[in-house]
Every structure is written in C-alpha cells, then in structure tokens.
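Everything on this sheet refers to the single structure shown next.
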C-alpha cells in the first residue's frame with residue numbers, strides 16, 4: 001500500500017469508490033472496495049465511517065459539484081436565440097454530466113430506492129425546466145410567463161425531451177448498445193421536438209390564447 005497524504009488518499013478513495021459502485025451497483029461491499037483500492041478496511045473507515053457516508057460523498061461530488069450554476073443564467077439570457085441557448089445547455093450537460101459513472105450511478109440509485117434521484121430532479125426542474133418553460137411561452141407569444149403558473153404537462157414535455165438524450169447515453173453506458181447518430185444531431189432533434197410539442201400543448205390547454213406559429217430549431 002502506497003503512502004499518500006490525507007487529502008490525496010481521500011480523493012483516491014472517492015474516485016475508486018465512484019468507479020467501483022458504478023460497475024458493481026450500490027450493493028457492492030466495502031471489503032471488496034478496499035481490496036480493489038489496495039487498502040485495508042480499517043483505513044477506509046478512517047475516512048468514511050459508514051457506507052452511507054461514502055455514498056453521500058460520491059453523489060455530492062459526482063452529481064451536485066459537477067452542476068454549473070451558469071446554466072440557469074444561460075437559459076434565461078434573452079440576448080441569445082432560444083434554440084441556441086437550449087443547444088448550448090444540452091451540449092454542456094452531456095459533456096459535464098452524462099458520463100458513464102453518472103449515468104450508471106443514477107440508475108442504480110433509482111433501483112436502490114435512494115433519495116439522490118429526487119434531489120437531482122428537483123434541482124433540474126427548478127433551475128432548468130421551469131425557466132425554460134417560461135422562455136418557451138415567451139417564444140410562442142403566450143400571455144402568461146409566471147413560473148408558478150407553469151403546468152405539470154409542460155414539465156412532462158421537458159422530461160420527455162430530456163429523456164431523449166439520457167436514453168442515448170443509457171444505451172451506451174447501461175446496455176452497451178451502439179448509437180447511430182452524433183450527439184449534436186440528437187440535440188437538434190430534441191429542440192425541434194420540444195418546440196412542436198410545447199406549442200401544441202399550449203394551444204390545447206389555452207384555446208383562448210393567441211399562440212404564434214413559430215418553428216424552434218438550430
């Protein structure tokens with residue numbers, strides 16, 4: 001076992017544990033983790049006194065510290081065309097978030113009944129989905145742009161669209177299946193789908209409103 005300074009050892013454990021649980025699932029045993037890291041279990045417990053503590057740290061590092069607060073500012077920046085904002089966000093989100101470890105741990109977290117998924121859902125809903133719904137209403141000339149009046153149906157469209165990119169990466173990182181299109185093409189398709197679906201939804205929900213017939217695309 002190589003001697004490392006405390007901060008280096010902690011970082012090594014977090015990185016190794018992230019890869020370990022992403023491969024084995026959250027039911028993986030700490031004794032097997034320690035063996036894979038070439039350290040003793042007592043040393044592991046010196047840094048993380050419980051498995052829950054270790055998992056909390058992994059999810060905090062992987063899920064929340066990788067989140068870029070500027071994404072919310074990008075979504076509401078009306079100096080940039082809306083389709084371009086959406087495209088820039090999803091390109092960055094794909095690069096920074098949807099890596100192999102993130103996707104696999106997110107799925108394992110859901111299967112294991114953990115609360116991390118709900119926390120992530122709450123964050124992306126408040127920081128991205130609701131503001132984006134407001135911007136879409138503005139784009140289509142809809143009268144109300146109060147974020148509190150955004151409907152669950154609109155949020156569902158955001159989830160459907162988001163799911164296109166997530167499933168693209170899920171095919172790679174969960175099912176080991178090929179993908180047949182570049183991610184830029186996927187994102188362009190998402191933007192068109194989002195615009196078409198939201199505009200139809202607003203017409204259906206609010207027939208008395210005058211909705212502009214516009215095409216959202218890059």
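Would you be able to tell me the number of residues in segment 144-183 that are closer than 13 Å to residue 90 by Cβ and surrounded by 13 or more Cβ atoms within 10 Å (Cβ to Cβ)? Of the residues in segment 144-183, 9 are closer than 13 Å to residue 90 by Cβ and surrounded by 13 or more Cβ atoms within 10 Å (Cβ to Cβ).
Within segment 61-76, the only residue that satisfies the criterion of being surrounded by fewer than 14 Cβ atoms within 10 Å (Cβ to Cβ), outside any loop (DSSP other than H, G, I, E, B) and within 14 Å of the chain's Cα centre (by Cα) is 64.
Examine segment 80-90 for a residue that is without any contact (Cβ under 8 Å) to a residue 40 or more places away in the chain, outside any helix (DSSP H, G or I) and assigned by TED's automatic domain parsing to the domain that holds residue 196, and state whether such a residue exists. Spell out how you get there, then give the answer.
So in segment 80-90, the residues without any contact (Cβ under 8 Å) to a residue 40 or more places away in the chain come out as 80-81, 88-89.
Imposing the further condition that a residue be outside any helix (DSSP H, G or I) reduces the set to 80-81.
Those still in the list that are assigned by TED's automatic domain parsing to the domain that holds residue 196 too: 80-81.
Within segment 80-90, one or more residues are without any contact (Cβ under 8 Å) to a residue 40 or more places away in the chain, outside any helix (DSSP H, G or I) and assigned by TED's automatic domain parsing to the domain that holds residue 196.
Tallying residues that are out of contact with any helix residue (DSSP H, G or I) (no Cβ under 6 Å at 6 or more places or on another chain), in a helix (DSSP H, G or I) and closer than 14 Å to residue 108 by Cβ within segment 18-50 yields 4.
Okay, residues lined up against (1) crowded, with 18+ Cβ neighbours inside 10 Å; (2) assigned by TED's automatic domain parsing to the domain that holds residue 52; (3) assigned to a helix (DSSP H, G or I):
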{"residue": "102", "(1), (2), (3)": "yes, no, yes"}
{"residue": "108", "(1), (2), (3)": "yes, no, yes"}
{"residue": "113", "(1), (2), (3)": "no, no, no"}
{"residue": "120", "(1), (2), (3)": "yes, no, yes"}
{"residue": "123", "(1), (2), (3)": "no, no, yes"}
{"residue": "126", "(1), (2), (3)": "no, no, yes"}
{"residue": "129", "(1), (2), (3)": "yes, no, yes"}
{"residue": "134", "(1), (2), (3)": "yes, no, yes"}
{"residue": "137", "(1), (2), (3)": "yes, no, yes"}
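Note on segment 3-22: among residues that are surrounded by 13 or more Cβ atoms within 10 Å (Cβ to Cβ) and either more than 14 Å from residue 58 (Cα to Cα) or not assigned by TED's automatic domain parsing to the domain that holds residue 35 (or both), the one that is modelled with the lowest pLDDT is 4.
The values are calculated or read from the model by the stated rules, or taken from the named source; none is laboratory data. Just so you know, these numbers come straight off a predicted model, no measurement behind them. Cβ atoms come from the backbone with ideal geometry, glycine included; neighbour counts cover every protein chain shown.
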